[in-house]
């Protein structure tokens, strides 16, 4: 994947480093001398481009015409929006990602402004906290389809409602697929007649509503008084 990152601060430099480790082609644009000096100590010199990203010539020199992703990750929301507009409408970059620094301006980071995906750190943190609290012991592992679905993991505790019940009898929601079960260190391929045992590690692909439903099934049943 060919990625251009605008902004060589902590987020931009770390993102560039991670993408390089994953084998992607990366170009990073920065115009602050002190930041550029630091970047040359952290990243390969050939990926660093010095200049103003609002100058179309700088973006073109960095390979914007061939880029599949443009990430505008500076600490200036106005600059991030301007770069997004330039990348989307001048160079027709398929995927433009914009960093939101001030949540008050998050509403501006939308497709009409050239932003396909906005990264609002406050919003992301709030959603993570809400999700972790609402799903109890269920652990989200991977987001799929822009967050519409998640791969989650749950350990079956003693007294859980699912114990001894076959998967086909659980009346699972449409958007809930039991993908795998790890039992005593071995993978169990889930089938309709598979039953759950205490301390099974269950992996499932779910949407948000299905995750809530599944989390309820894994809760211990309170003994009747």
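Each row is one residue, and each column tells you yes or no for (1) modelled with pLDDT of 90 or more; (2) over 20 Å from the mean Cα position of the chain (by Cα).
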| site | (1), (2) |
| --- | --- |
| 143 | no, no |
| 146 | no, no |
| 150 | no, no |
| 162 | no, yes |
| 166 | yes, yes |
| 194 | yes, yes |
| 208 | no, no |
| 224 | no, yes |
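Going through segment 167-211 one residue at a time, which ones are farther than 15 Å from residue 156 by Cα and assigned to a helix (DSSP H, G or I)? Residues satisfying the conditions are 168, 169, 208, 209, 210.
The sole residue among 29, 97 that is crowded, with 17+ Cβ neighbours inside 10 Å and modelled with pLDDT of 95 or more is 29.
The values are calculated or read from the model by the stated rules, or taken from the named source; none is laboratory data. What you see is a predicted model; the values in this text were computed from it and never measured. Here Cβ is always computed from backbone atoms with ideal geometry, including for glycine, and neighbour counts include all displayed protein chains.
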